[in-house]
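To start, the structure under review is shown below, and the notes come after it.
Derivation of every value follows stated rules applied to the coordinates shown; laboratory data play no part. In this text the structure is predicted, and so the values were computed from the model without any measurement. Please note: Cβ atoms are built from the backbone with ideal geometry, for glycine as well, and neighbour counts cover all protein chains shown.
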Amino acid sequence: MNTPQLVVIDDEADLGSLVCDVAEQSGFGVSQFTSARQFMEQYNGCVDVIVLDLMMPDIDGIEVIRFLSQNQCPAQIIIMSGFDSTVLHSAQKLASERGLSFAGSLTKPFRLSQLTELLESLEIKARCHSPGTTIEPPSAAELKQALENNELVVFFQPKISLNGDSKTAAEALVRWQHPEHGLLTPDYFIDTAEQHGLIDQLTWVVLRQVMSQCSQWHDQGLGVQVAVNMSAHTLKDLNLPEQIGNMLQQFALDPSHLVLEVTETALMEELIKSLDILTRLRMRGIRLSIDDFGTGYSSLIQLYRAPFSEIKIDRSFVAEMDNDQEAATIVQTIIDLGKNLNMKTVAEGVETEDCKDRLKALGCEQAQGYLFARPMPADEFFRWYQTYPH
């Protein structure tokens, strides 16, 4: 069994050792550096999680973030700091803007339970099998072969109603059942699909699996509304509304059973063409969700321009609600905005009961996250739904 690798970079040796102890108890292989310079000299890319202190004497955490970005580091980053929340927010934004995967932050001093909860909530991408080895991204030929061999499968993560609505909902999340490396998440292969013109084929594989599965569930008496992520490239095809409409008819599905999730970045790539396509999709009765709301450059103008029916609150705000008043205020503002625009609000990344209760009190309508369930195969989803209290 492969062990995920975690590195701690902190000049306080005792605190670094404590973090390592907690990480080992959570199933990680660990390495510790008290010098950022030493870490940078020895960096080989084989790390799944990096716990990084911002304030260090030789090279500070911001310089390390720049280094990791330049080396296209795939690891999930956890930032530690004794600075106030404003500095932590800025460091988080910087890491995200530089293309790094930000997983969370810890304000010193922090409770060990906070660190444990954060580590156990991570979905490790299994990039490193052992020290010194990595799984290389697939070639276009390998991914094309996987598509032809039906190795791409769809998992479903439940979306839970917080307002008493009995409608069953889920998000579709693609996985690669690799013959050698096992189950791989999209971070491993989506870039290859987009760079080599395979993203459209991949999207249609996902849509067909989703609609086929929804049709089977319908026959079993379970009507599920499923959300599917759409790439920027696919949103440039003016025939998309007709093609999706035809597939819905083929599987005898009501258009309202399908939600298409679109990021602000995807919408902006070719704005006029995207608005053309999204408007015609909405006219057909297909629901539209603006994904990762609040992380783009012009969120409000996109709500004004495009016919969205749902706002999805980004996990970076939701996950910090319990211990960060600024994040909680942003979440409340988005929920209020959704109410005023007659749009459903969905919170992702819900990990605690307190967070769920707070979202419910604020009027958020749906939530998804590890508190309820991780993404699962279709048959497990059906069994999960039968046992989940409604």
Quiz item: Looking at the square roots a ≥ b ≥ c of the eigenvalues of the Cα gyration tensor of the stretch 5-121, which shape do they give, rounded for a/c under 1.5, prolate if a/b is larger than b/c, or oblate?
Solution: rounded
Exercise. Straight distance only, please: which lysines reach the Cα of K344 with their own Cα at less than 24 Å, same-chain residues fewer than 8 apart left out?
Key: K159, K167, K312, K356, K360
Quiz item: Taking springs between alpha-carbon atoms closer than 10 angstrom, which of D53, D187, D219 fluctuates most in the Gaussian network model of the chain?
Solution: D219
Quiz item: Cα extents of the chain along the three principal axes, largest first, in whole Å?
Solution: 62, 48, 45
Practice problem: May I ask for the angle, rounded to the nearest 10°, between helix 325-340 and the longest principal axis of the chain, with both axes built from Cα atoms and the value confined to 0 to 90°? | Solution: 10 degrees
Quiz item: Put +1 on the Cβ of each Lys and Arg and -1 on the Cβ of each Asp and Glu in the stretch 5-121; which of H89, F33, P57 then has its Cα farthest toward the positive end of the dipole?
Solution: H89
Quiz item: Against the longest alpha carbon principal axis of the chain, how many degrees, from 0 to 90 and to the nearest 10, is the axis of helix 85-97 turned?
Solution: 60 degrees
Quiz item: Considering amide H positions built from the backbone, and no H for Pro or chain starts, which residues 5 or more places from S101, or on another chain, come under 5 Å of its amide H?
Solution: I77
Quiz item: Add -39500 (n - 2.57) for each DSSP H run of 4 or more in the chain, then divide by its residues: what number comes out at 222 nm, to the nearest 500 deg cm²/dmol?
Solution: -12500 deg cm²/dmol
Quiz item: Which residue, chosen from Q368, T329, M343, occupies the Cα position most advanced towards the positive end of the dipole of the stretch 140-387, where the dipole is computed from +1 (Lys, Arg) and -1 (Asp, Glu) charges on Cβ about the Cα centre?
Solution: M343
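Under unit Cβ charges (Lys, Arg +1; Asp, Glu -1), what dipole magnitude, rounded to 20 debye, does the chain have relative to its Cα centre? Walk me through the numbers before you get to the answer.
Details: 29 positive and 54 negative charges, 270 e Å.
Computed about the Cα centre, the dipole is about 1300 debye.
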Self-check item: Largest-first principal axis extents of the Cα set of the stretch 192-347 (Å)
Solution: 47, 38, 31
Self-check item: Neighbourhood net charge (11 Å Cβ-Cβ; Lys/Arg +1, Asp/Glu -1) for L258
Solution: 0
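Please give me the summed charge of the neighbours of P375: other residues whose Cβ is under 11 Å from its Cβ, Lys and Arg +1, Asp and Glu -1.
Values: positive: R175, R374; negative: E123, E171, E380.
Value of the local net charge: -1.
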Practice problem: Mind listing the long-range amide H neighbours of L162? Cut-off is under 5 Å, sequence gap 5 or more, other chains count too, H placed in the peptide plane at 1.01 Å from N. | Solution: Q366, A367
Exercise. Could you run the Karplus curve 6.51 cos²θ - 1.76 cosθ + 1.60 with θ = phi - 60° over the stretch 112-122 and give me ³J(HN,Hα) per residue in whole Hz, x for Gly and Pro?
Key: 4, 5, 5, 5, 4, 4, 5, 5, 6, 7, 6
